[in-house]
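Let me begin by presenting the structure, written as structure tokens, before commenting on it.
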Amino acid sequence: MAVIATAEHSAAFTRQLAAAGIDVRAARDSGRLVTLDAAETLARFTVDGAVDRERFEATVATRIRALRARFPGGALRAYGEMVGLLWQAGEYAAAIKLEALWNELLLDEPIRLYCAYPIDVLGKEFCADDVDALLGAHTHLVPAADELANAVDEAIGDVLGPAAAALLKAAMNAGETPSGAALPRGEATILWLRRHLSRYATEIVARARARTRAAA
């Protein structure tokens, strides 16, 4: 397993592995567990804020291929937060390019890649085309908050009244989720609102945010 994360999250991984009965030190010593700092690793293949393909190959891809070669019969899992760091810094183009490089690597190496993003789906930035490009680079998406869809539904009802049911049906059947990604309903509805009902989207999203905060 390869973990490319912040120090805090790497520590959380190792705690969970230990709690599951895995000898973390032995896993590290044998090379079955590799932990890398996300920011330090990212710095090795970026130049002036841009992702460099050759440096990514030399730093990340080479390490992943070495793990596959060392344990050819095992299932390799990787978790990364580097794209999340780029997104959080507003480097959207670089984040999307890094996702593309990961996907190219996945075509050659049969690994399972997991990642996490600090994206505020109720924020103004969750409406740009960059969001579709980023989310569309994934096969499945798991929301951090299961109550989001209900909060959005209720907010639509508050703002639109009787028209809410028809709007929700249109949003669910729009077929505009990012290509290849199973976008959760709450997130998909927000994107639909921002594209097609921008007049009401700001108020609906604000009410949904208030509901999620009240439920926290």
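Any idea which of (1) hydroxyl-bearing (Ser, Thr, Tyr); (2) open to solvent by less than 40 Å² (accessible area, probe 1.4 Å); (3) not in a helix (DSSP H, G or I) is the one THR35 doesn't satisfy?
In the conditions (1) hydroxyl-bearing (Ser, Thr, Tyr); (2) open to solvent by less than 40 Å² (accessible area, probe 1.4 Å); (3) not in a helix (DSSP H, G or I), THR35 misses (2) alone.
Can you tell me which condition ALA171 does not meet? The list is (1) modelled with pLDDT of 75 or more; (2) in contact with a Phe, Trp or Tyr (Cβ under 7 Å, 6 or more places away or on another chain); (3) not basic (Lys, Arg), and all the others hold.
Checking ALA171 against (1) modelled with pLDDT of 75 or more; (2) in contact with a Phe, Trp or Tyr (Cβ under 7 Å, 6 or more places away or on another chain); (3) not basic (Lys, Arg), the one that fails is (1).
Out of (1) buried (at least 19 other Cβ atoms within 10 Å of the Cβ); (2) aliphatic (A, V, I, L, M); (3) at pLDDT 80 or above; (4) outside any strand (DSSP E or B), the odd one out for VAL131 is which?
VAL131 satisfies all of (1) buried (at least 19 other Cβ atoms within 10 Å of the Cβ); (2) aliphatic (A, V, I, L, M); (3) at pLDDT 80 or above; (4) outside any strand (DSSP E or B) except (3).
Working carefully through the options THR62, THR41, find the one that is under 23 Å from PRO110 (Cβ atoms), among the hydroxyl-bearing types (Ser, Thr, Tyr) and open to solvent by less than 30 Å² (accessible area, probe 1.4 Å).
THR41
Might you let me know whether the stretch 32-42 holds any residue that is out of contact with any Lys or Arg (no Cβ under 8 Å at 6 or more places or on another chain) and at positive phi?
Checked against the condition, which is being out of contact with any Lys or Arg (no Cβ under 8 Å at 6 or more places or on another chain) and at positive phi, the stretch 32-42 yields no hits at all.
Going through the stretch 68-127 one residue at a time, which ones are assigned to a helix (DSSP H, G or I), more than 13 Å from the chain's Cα centre (by Cα) and among the acidic types (Asp, Glu)?
Once the filter is applied, which keeps residues that are assigned to a helix (DSSP H, G or I), more than 13 Å from the chain's Cα centre (by Cα) and among the acidic types (Asp, Glu), the stretch 68-127 yields GLU104, ASP108.
The values are calculated or read from the model by the stated rules, or taken from the named source; none is laboratory data. This one's a predicted model, so the numbers in the text were calculated from it and none came from an experiment. Neighbour counts run over all protein chains shown; Cβ positions are idealised from the backbone, glycine included. Note: areas computed on protein heavy atoms with side chains; ligands, DNA, RNA excluded. Shrake-Rupley method; radii C 1.70, N 1.55, O 1.52, S 1.80 Å.
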